[in-house]
Amino acid sequence: MRRMDPAHQPYAQRPVPAPQRPLARVAQVRVAGLLAQAEVVVNGDAPWDLQVHDERLYSQTLLRGSLGFGEAYMDGWWDCADLPELFCRLVRARLGARVSPLVTAAFSLDSHLFNHQGKRRAFEIGQYHYDIGNDLYTAMLDRRMIYSCAYWGSRAQTLDEAQEAKLELIGHKLDLRPGMAVLDIGCGWGGTAQYLAERFGVTVVGVTVSAEQARLASERCRGLPVEIRLQDYRRVRGVFDRVLSVGMFEHVGYRNYQTFMEVARRCLVPDGLLLLQTIGANVAYSGRDAWIERYVFPNSVLPSPRLLSAAIEGHFVLEDWQNFGADYERTLRCWHANIEGAWEHLGDCYPERFRRMWRYYLLSCAGTFRARVNQLWQLVLSPAGVGGGYCPRR
């Protein structure tokens, strides 16, 4: 079990500015008025209402937008019994841009103009998010440690069943057959590679930018025809019958979409298939949040249908595009329940502020999927079109 040093983590307790008393009442009225537009009441009786413990929340929210609002929760300045419903209401009322519109616009422009996901920064997300402790992810995820949306449309009853149903869906969509060579871009802890090798008899090369993922994935896949590499996707060489990427495209960045498609096309045989699973945003350049960027996924951004389609054009034929974004809320709530259930053992290694950060991350994201502003897409692409047409098995 990896023990963390809270003093060197972004979620360590931060210095708190003194409240600005003359402006406190004005800030309170402004924030309460905005919340009312989402039918959220300060210190109300509904489970989605805010219970405010520190009035500094109001000025911090107005000054720093989503970043200030999230940090206030981490610091214990407010609570809410039903965070997913709260965020569903906030998102549907579009309050984010109205609290700090200039900050939001600048943040979106920055992600559009600058390449925060270049080769020199390829391993930052692995070190920052995925290397924080395999004990945490072992407690949170299913038994195969699949860190992406599960597929509940198969009438699965448990997280293990829903994740296995998703892996089975992937195998069928790719029409996997024994002896095929498969490239898994963003292989995580090896659960997908392990399942596909055992279930469909394929050989798999998995790449990840997380040292902790690579170590555990190699252990889990020992004895199978699976090779795990600590490698940036841009450096992959070889030719494969199938390529898949599940829950990694969110880290690619707008300015690298064409490069990703070029790499995937270069690695595929002429009659091969690429399966791409990614979270998506409804509107281009809107899929980035200051709090998520600071505390959870640095240098990450969500694609939109337009940007994704533009990246595909000239490289692949779009064979199938499935959306099961509504399934992500249930997946996130399962992860949250697992973390809370294991906190008695995790609390020795992770500070309480981290616990609140992680809860805020999982349940606020659940709210965005409930509001349907975030989606979960599975695309199947072919280099030149499947002869006679593509018939997915779902």
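Figures for the structure shown
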quantity	calculated
Output for the stretch 230-244, where each listed residue is on the phi < 0 side of the Ramachandran plot and either touching a helix residue (DSSP H, G or I) at 6+ places or on another chain (Cβ under 7 Å) or buried (at least 23 other Cβ atoms within 10 Å of the Cβ) (or both)	LEU230, ASP232, TYR233, ARG234, VAL236, VAL239, PHE240, ARG242, VAL243, LEU244
Flag for LEU109 being closer than 27 Å to VAL252 by Cβ, modelled with pLDDT under 75, part of a helix (DSSP H, G or I) and not assigned by TED's automatic domain parsing to the domain that holds VAL252	yes
Flag for VAL252 being among the β-branched types (Val, Ile, Thr) and out of contact with any Ser or Thr (no Cβ under 6 Å at 6 or more places or on another chain)	yes
Single match in LEU275, LEU268 (criterion: under 21 Å from the mean Cα position of the chain (by Cα), modelled with pLDDT of 95 or more and not polar (S, T, N, Q))	LEU275
First in the stretch 140-155 and under 14 Å from GLU329 (Cα atoms), second anywhere and among the β-branched types (Val, Ile, Thr), Cβ under 7 Å, 6 or more apart	SER148/VAL246; CYS149/THR331; ALA150/THR331
Whichever residue in the stretch 359-377 is in a loop (DSSP other than H, G, I, E, B) and of a type outside the set (Gly, Ala, Ser) and, among such residues, is surrounded by the fewest Cβ atoms within 10 Å (Cβ to Cβ)	ARG372
Residues that are in a helix (DSSP H, G or I) and either surrounded by fewer than 19 Cβ atoms within 10 Å (Cβ to Cβ) or on the phi > 0 side of the Ramachandran plot (or both), drawn from the stretch 190-211	GLU198, ARG199, ALA211
Residue that is surrounded by 19 or more Cβ atoms within 10 Å (Cβ to Cβ), at negative phi and at pLDDT below 95, where the choices are VAL283, VAL296	VAL296
Any hit, the stretch 150-162, residues being assigned to a helix (DSSP H, G or I) and closer than 23 Å to GLY126 by Cβ	no
Residue selected from the stretch 212-224 under the condition farther than 21 Å from PRO178 by Cα and small (Gly, Ala, Ser), by the criterion surrounded by the most Cβ atoms within 10 Å (Cβ to Cβ)	ALA217
Hey, VAL380 touching a residue at least 24 places away in the same chain (Cβ under 8 Å), over 27 Å from GLY96 (Cα atoms), touching a strand residue (DSSP E or B) at 6+ places or on another chain (Cβ under 7 Å) and assigned to a loop (DSSP other than H, G, I, E, B) or not	no
Residue among ARG144, ARG177 that is under 19 Å from ILE228 (Cα atoms) and touching a Phe, Trp or Tyr at 6+ places or on another chain (Cβ under 8 Å)	ARG144
Whichever residue in the stretch 307-335 is within 15 Å of LEU274 (Cα to Cα) and in contact with a Pro (Cβ under 7 Å, 6 or more places away or on another chain) and, among such residues, is surrounded by the fewest Cβ atoms within 10 Å (Cβ to Cβ)	ASP320
Those residues of the stretch 336-358 which are charged (D, E, K, R), surrounded by fewer than 17 Cβ atoms within 10 Å (Cβ to Cβ) and either part of a helix (DSSP H, G or I) or within 18 Å of the chain's Cα centre (by Cα) (or both), in sequence order	GLU340, GLU344, GLU352
Test set (1) modelled with pLDDT of 60 or more; (2) out of contact with any Cys (no Cβ under 6 Å at 6 or more places or on another chain); (3) buried (at least 19 other Cβ atoms within 10 Å of the Cβ) - GLN51 fails condition number	(3)
The stretch 112-153, subset at pLDDT below 70 and of a type in the set (S, T, N, Q), residue surrounded by the most Cβ atoms within 10 Å (Cβ to Cβ)	GLN117
Yes/no for GLU352 being more than 18 Å from ASN134 (Cβ to Cβ), touching a Gly at 6+ places or on another chain (Cβ under 9 Å) and free of Cβ contacts under 8 Å to residues at least 24 places away in the same chain	yes
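The rows are residues; the columns are (1) closer than 21 Å to VAL296 by Cβ; (2) β-branched (Val, Ile, Thr); (3) part of a helix (DSSP H, G or I); (4) in the same structural domain as MET357 (by TED's automatic domain parsing).
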{"site": "LEU35", "(1), (2), (3), (4)": "no, no, yes, no"}
{"site": "TRP48", "(1), (2), (3), (4)": "no, no, no, no"}
{"site": "GLN60", "(1), (2), (3), (4)": "yes, no, yes, no"}
{"site": "GLY65", "(1), (2), (3), (4)": "yes, no, yes, no"}
{"site": "GLY70", "(1), (2), (3), (4)": "yes, no, yes, no"}
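One line per residue, one yes/no per condition, for (1) in contact with a strand residue (DSSP E or B) (Cβ under 8 Å, 6 or more places away or on another chain); (2) under 19 Å from PHE249 (Cα atoms); (3) not assigned by TED's automatic domain parsing to the domain that holds TRP377:
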site	(1), (2), (3)
TRP291	no, no, no
SER300	no, yes, no
GLU319	yes, yes, no
GLY325	yes, yes, no
LEU332	no, yes, no
ILE339	no, no, no
PRO351	no, no, no
ARG355	no, no, no
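The values are calculated or read from the model by the stated rules, or taken from the named source; none is laboratory data. Source: prediction; values computed, not measured. Positions of Cβ are generated from backbone atoms using ideal geometry, with glycine treated the same way; all protein chains shown enter the neighbour counts.
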